[in-house]
1. Starting with the fewest neighbours, write out A:SER91, B:SER104 ranked by other beta-carbon atoms found within 10 Å of each beta-carbon.
2. Among the GluC sites (Glu not before Pro) within the stretch A:142-231, which fall in a DSSP loop and have no more than 13 other Cβ atoms within 10 Å of their own Cβ?
3. How high is the FRET efficiency between B:GLN36 and B:ALA85 when r is their beta carbon distance and R₀ equals 22 Å, given to the nearest 0.05?
4. Tell me the distances, shortest first, between B:CYS219 and the same position across the other copies, using label points 7 Å along Cα→Cβ, in nm to one decimal.
5. With the cut-off at 18 Å, tell me which of the pairs A:LYS5/A:LYS108; B:LYS5/B:LYS103; A:LYS5/A:LYS42; A:LYS42/A:LYS103; A:LYS5/A:LYS103; A:LYS42/A:LYS108 have Cα atoms farther apart than that.
6. Could you compute the net charge surrounding A:VAL95? Neighbours are other residues with a C-beta less than 10 Å from the C-beta of A:VAL95; K and R count +1, D and E count -1.
7. Using the Cβ atoms and a cut-off under 15 Å, what net charge is assigned to the surroundings of A:GLU223, where Lys and Arg are +1 and Asp and Glu are -1?
8. So, how do all the Cα-to-Cα distances of chain B break down into 5 Å bins, in percent, from 0 on up?
Number of protein chains: 2
Amino acid sequence: MRNLKITLAYDGSDFHGWQVQPERATVQGALAEAIQRVTGVKVLPQGSGRTDAGVHALAQVASCQLDAGIPTENLQRALNHVLPAAIRVLSVEEVAPEFHGRKSARAKTYRYRIYRGEICPPFLARYAYHYPYPLDEEAMCAAAARIVGEHDFTSFAAVDPERGGEEEESSNVRTVYSSAWKREGDELIYTVRGSGFLHHMVRNLVGTFLLVGKGTLDCAGMERVLQARDRSVAGPTAPACGLYLVSVEYCAP
Amino acid sequence: MRNLKITLAYDGSDFHGWQVQPERATVQGALAEAIQRVTGVKVLPQGSGRTDAGVHALAQVASCQLDAGIPTENLQRALNHVLPAAIRVLSVEEVAPEFHGRKSARAKTYRYRIYRGEICPPFLARYAYHYPYPLDEEAMCAAAARIVGEHDFTSFAAVDPERGGEEEESSNVRTVYSSAWKREGDELIYTVRGSGFLHHMVRNLVGTFLLVGKGTLDCAGMERVLQARDRSVAGPTAPACGLYLVSVEYCAP
C-alpha cells in the first residue's frame with residue numbers, strides 16, 4: 001500500500017467544484033474515475049481543500065492510499081491520458097503513510113485576477129473577473145495589508161450551516177502571512193498566503209476590498225468589518241472565475 | 001442607412017463556427033441577435049470569411065447595412081452588453097456604402113499555436129494544439145517558406161463539393177505573402193499572411209508541416225504536395241483549437 005501525493009492543475013470553469021457529487025462533473029470525481037480506470041482501484045483522493053464551482057487551481061494537492069501494481073513514476077502520464085484536458089496531473093509522489101492532503105497542509109496561497117481594461121478579451125472571460133469601473137487601487141492595497149496576522153475571519157466566512165470551513169475546524173481564526181494587490185498590465189491581481197482559509201473567504205475578502213476601491217468603505221471600515229465577526233457587514237462574494245488556488249505547502253517530510 | 005464595419009474577437013470553443021445555422025450557437029448568429037436586440041433591426045452581418053467550429057478570432061471583420069437610430073459610437077458598448085463574453089466587439093466604424101466584409105478583403109493573417117511542453121496547462125487546452133512529440137522544427141520552418149508566392153492550393157483545400165473556399169471563387173489560386181514558424185517558449189507558432197485562404201487551408205498546411213516535422217515528408221516532398229493539386233497527398237487537417245484569424249486587411253477607404 002502506497003500513500004500518494006498528487007499535484008494537479010485545473011480549469012474549474014466546467015466543473016461543479018472539487019468535491020465529488022452524484023451526477024455532476026467534479027474535479028475529485030474525475031480524478032477518482034481516472035485512478036480507477038488506470039489501476040482498477042476505487043479510491044477517493046483527499047484534496048487540500050474544496051474549491052467551488054468555477055474556481056481554478058495551479059497546484060491543488062490530493063492524497064490517496066493506493067494498492068495497485070502500476071509504478072508511481074508511470075501514474076502521472078497514465079492519469080493525464082484518461083483525464084479531461086481541463087485537469088492535468090503535474091506530479092505524483094510517494095509520501096509517508098501519515099501524509100494527508102488536507103490535514104497535513106500548513107499554508108496555502110490563492111490568487112484573484114481582475115481584468116481592468118474596458119473590453120475583456122474573450123480568452124480571459126473564464127479566467128478573470130472583468131471590472132472596468134473606477135477603483136482606488138492604492139486604498140485596496142492598504143486594505144489588503146490590514147488583514148495580515150492572526151484574526152477571527154468570521155466576517156468573511158460563508159454563512160453555510162451544513163458546511164464548515166475547508167479545514168472543518170469550529171474556530172474561524174486563521175493566520176494570513178501575506179496579502180497584497182499588484183497591478184500587472186491590464187490586470188489587478190490579489191495574492192494571499194495563509195495558514196488556511198474559510199469557505200468563500202478569499203472571494204469575500206476580494207468583494208470587500210472592492211468596496212474599499214469604490215470608496216464605499218475606507219481602511220478603518222475594513223478593520224471594523226474584520227472586528228465585527230459578522231458576515232453581513234462585509235462585501236459581496238466576488239465571482240468564482242477570478243480565483244486560483246496557487247499552491248499548498250506542507251511540512252518537510 | 002449606414003454601412004458598418006464591425007471588428008470582433010471571439011473564443012470559438014463553444015460555437016459551431018462563424019456561419020449562422022438553425023438551432024446552433026454560431027458567432028454570426030449571436031452577432032445578428034445582438035444587433036437585433038440593440039437596434040430592433042434584423043440584419044445578417046457579412047464576415048470576411050467563415051471560421052470553423054472551435055476556431056478563434058483576434059480581429060474578425062463583418063459588415064452590415066443598418067437603418068437604426070442608435071449612434072455608431074454607442075454600438076460597441078451596447079453590443080458587448082448583450083453578447084456572450086466569448087464574443088467581444090472591438091470597434092464599430094461607419095464605412096463607404098461599397099465596403100463589404102468579404103468582398104473588400106485584400107489580405108488575411110492566420111496564426112496556429114502548438115504547445116510543445118509535455119503537459120499542456122489546462123488553461124491552454126482550448127487555445128492551442130498539444131503536440132509534445134519530437135519534431136524537426138527547422139525542417140518545418142524551411143517547408144513553411146516554400147509556400148510563399150502565388151500557387152494553386154488545391155492540395156490543401158477541403159474536398160467539400162457543397163461549399164467553395166471562403167472567397168467563393170472557383171479558382172484555388174491564392175498568394176501567400178509570408179509563412180513562417182517561430183518558437184515562443186513552449187509554443188511553436190505558425191503565422192501566415194495571404195490574399196485569401198481556401199476552406200481548411202491553414203489547418204491542412206499545418207497538418208502537412210507536421211508531416212515534415214516528423215520526417216514523413218521532406219522539403220522537396222512539400223513542393224510535390226503543392227504541385228500535385230490533390231488533397232489526398234497532403235497531411236491531415238490540424239485540430240481547430242490551435243487556429244486564430246488574426247486580422248483582415250482592406251484597401252484604404
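Here, each number is a calculation from the coordinates, and none is a lab measurement. Remember, it's a predicted structure, so these values are computed and weren't measured experimentally. Glycine gets a Cβ as well: all are built from the backbone with ideal geometry, and neighbour counts include every protein chain shown.
1. Numbers: A:SER91 13, B:SER104 20.
So the ranking, lowest neighbour count to highest, is A:SER91, B:SER104.
2. Values: sites: A:GLU150, A:GLU162, A:GLU166, A:GLU167, A:GLU168, A:GLU169, A:GLU184, A:GLU187, A:GLU223; in loops: A:GLU162, A:GLU166, A:GLU167, A:GLU168, A:GLU169.
Within the stretch A:142-231, the qualifying GluC sites (Glu not before Pro) (loop, at most 13 other Cβ atoms within 10 Å) are A:GLU162, A:GLU168, A:GLU169.
3. Values: r = 19 Å, r/R0 = 0.87.
Rounded to the nearest 0.05, the efficiency is 0.70.
4. In ascending order, 6.3 nm.
5. On the way: A:LYS5/A:LYS108 16 Å; B:LYS5/B:LYS103 13 Å; A:LYS5/A:LYS42 16 Å; A:LYS42/A:LYS103 21 Å; A:LYS5/A:LYS103 13 Å; A:LYS42/A:LYS108 28 Å.
Correct reply: A:LYS42/A:LYS103; A:LYS42/A:LYS108.
6. Numbers: positive: A:ARG2, A:LYS5; negative: A:GLU93, A:GLU94, A:GLU98.
It works out to a net charge of -1.
7. Details: positive: A:ARG146, A:ARG224, A:ARG229; negative: A:GLU150, A:ASP152, A:ASP218, A:ASP230.
Neighbourhood net charge equals -1.
8. Percent of pairs per bin, in order: 1, 6, 13, 17, 17, 15, 12, 8, 5, 3, 1, 0.
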